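Engineer: To start, I am sharing the structure in question, which I have written as structure tokens.
The values are calculated or read from the model by the stated rules, or taken from the named source; none is laboratory data. None of these values were measured; they are calculated from a predicted model. All Cβ positions, glycine included, derive from the backbone under ideal geometry; neighbour counts span all protein chains shown.
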């Protein structure tokens with residue numbers, strides 16, 4: 001009688017992790033002004049990053065937010081910078097300026113250990129666009145790990161800055177390899193409230209995948225899934241992330257349909273779209289297809 005085959009290694013797709021990462025990225029972006037001295041308005045809402053003008057690479061981690069002053073924040077995470085990266089930032093900036101006319105675009109690049117000296121900021125002058133760099137890779141990751149470990153041992157309450165350092169741990173300077181640092185970061189996440197842990201771990205896993213690839217992601221996930229509690233928490237959080245991702249896709253489809261038919265989206269309708277669940281979004285799309293004016297939606 002043949003022996004049962006061993007179970008396949010646990011796998012989480014990069015797309016699923018990308019959803020979790022973007023859920024946490026809003027927290028990262030919210031803390032940028034105070035932590036790094038960036039002059040940015042508070043965040044109003046996240047926006048879809050997929051633009052029809054560009055074919056985006058799947059292995060990029062970036063996020064797009066609308067700020068309270070109506071400007072847009074484009075946030076990038078880069079382990080290293082090359083001239084090709086700068087060209088890509090500018091191409092995406094032009095696509096954003098076309099997709100969101102009359103908006104100011106702020107690109108902020110969080111640079112990892114492969115960047116020792118930040119390039120000068122870029123201001124396109126007549127075009128409302130700037131690029132700024134934040135050097136995370138110059139920070140002593142070992143010192144941050146010791147401080148966060150001390151908080152965990154003492155059972156202390158973590159500040160928002162502490163939590164931000166945990167998010168950005170893999171972008172800091174370390175003597176240890178990425179896998180070891182990721183494992184230490186995941187272990188430290190146990191000090192956070194249970195409801196916060198899966199999304200924080202998702203952010204750490206996303207950065208690990210972004211810099212080292214699928215093999216490291218599979219190893220880390222397999223280690224996590226060996227614990228039943230973590231397996232349940234991660235699966236539940238991923239399902240929530242997938243549902244939110246589907247809703248965001250429906251919102252973007254609805255917005256595009258309205259703009260194509262009627263030219264603009266009134267502020268009151270935008271508020272309804274932002275607050276709507278999946279069922280309501282489907283009903284609104286049906287109304288767009290039959291309405292003779294935007295006021296009938």
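Engineer: Considering only residues that are modelled with pLDDT of 80 or more and exposed (fewer than 11 other Cβ atoms within 10 Å of the Cβ), which ones fall in region 284-297?
Structural biologist: If the condition is that a residue be modelled with pLDDT of 80 or more and exposed (fewer than 11 other Cβ atoms within 10 Å of the Cβ), then 292, 293, 295, 296 are the ones that fit.
Engineer: Still on this structure, I have one more. In region 118-130, how many residues are over 20 Å from residue 165 (Cα atoms) and in a loop (DSSP other than H, G, I, E, B)?
Structural biologist: 8
Engineer: Is it the case that some residue within region 38-51 is over 19 Å from the mean Cα position of the chain (by Cα) and either at pLDDT 85 or above or not in a loop (DSSP other than H, G, I, E, B) (or both)?
Structural biologist: Yes, there is a match, as at least one residue in region 38-51 is over 19 Å from the mean Cα position of the chain (by Cα) and either at pLDDT 85 or above or not in a loop (DSSP other than H, G, I, E, B) (or both).
Engineer: When you go through 255, 261, 242, 251 one by one, which is the residue that is assigned to a helix (DSSP H, G or I) and modelled with pLDDT of 80 or more?
Structural biologist: Working: 261 fails: modelled with pLDDT of 80 or more; 242 fails: modelled with pLDDT of 80 or more; 251 fails: modelled with pLDDT of 80 or more.
Matching residue, one of 255, 261, 242, 251: 255.
Engineer: Determine, yes or no, whether residue 99 is at pLDDT 85 or above and either out of contact with any strand residue (DSSP E or B) (no Cβ under 9 Å at 6 or more places or on another chain) or more than 20 Å from residue 171 (Cα to Cα) (or both).
Structural biologist: no
Engineer: Could I ask something else about it? Tell me yes or no: at least one residue of region 79-87 is touching a residue at least 24 places away in the same chain (Cβ under 8 Å) and either part of a strand (DSSP E or B) or in contact with a helix residue (DSSP H, G or I) (Cβ under 9 Å, 6 or more places away or on another chain) (or both).
Structural biologist: Within region 79-87, one or more residues are touching a residue at least 24 places away in the same chain (Cβ under 8 Å) and either part of a strand (DSSP E or B) or in contact with a helix residue (DSSP H, G or I) (Cβ under 9 Å, 6 or more places away or on another chain) (or both).
Engineer: Just to verify a result, which residue in region 200-224, among those that are over 18 Å from residue 112 (Cα atoms) and out of contact with any helix residue (DSSP H, G or I) (no Cβ under 9 Å at 6 or more places or on another chain), is surrounded by the fewest Cβ atoms within 10 Å (Cβ to Cβ)?
Structural biologist: Top of the filtered list is 215.
Engineer: Something else about it: Restricting attention to region 185-199, which residues are surrounded by fewer than 18 Cβ atoms within 10 Å (Cβ to Cβ) and either at pLDDT 90 or above or farther than 16 Å from residue 27 by Cβ (or both)?
Structural biologist: Passing the criteria: 187, 190, 194.
Engineer: How do the pairs read when you match residues in region 180-197 that are on the phi < 0 side of the Ramachandran plot with residues anywhere that are part of a loop (DSSP other than H, G, I, E, B) and crowded, with 17+ Cβ neighbours inside 10 Å, using Cβ under 6 Å and keeping only pairs 6 or more apart or on different chains?
Structural biologist: Listed pairs, sorted by first residue: 181/174.
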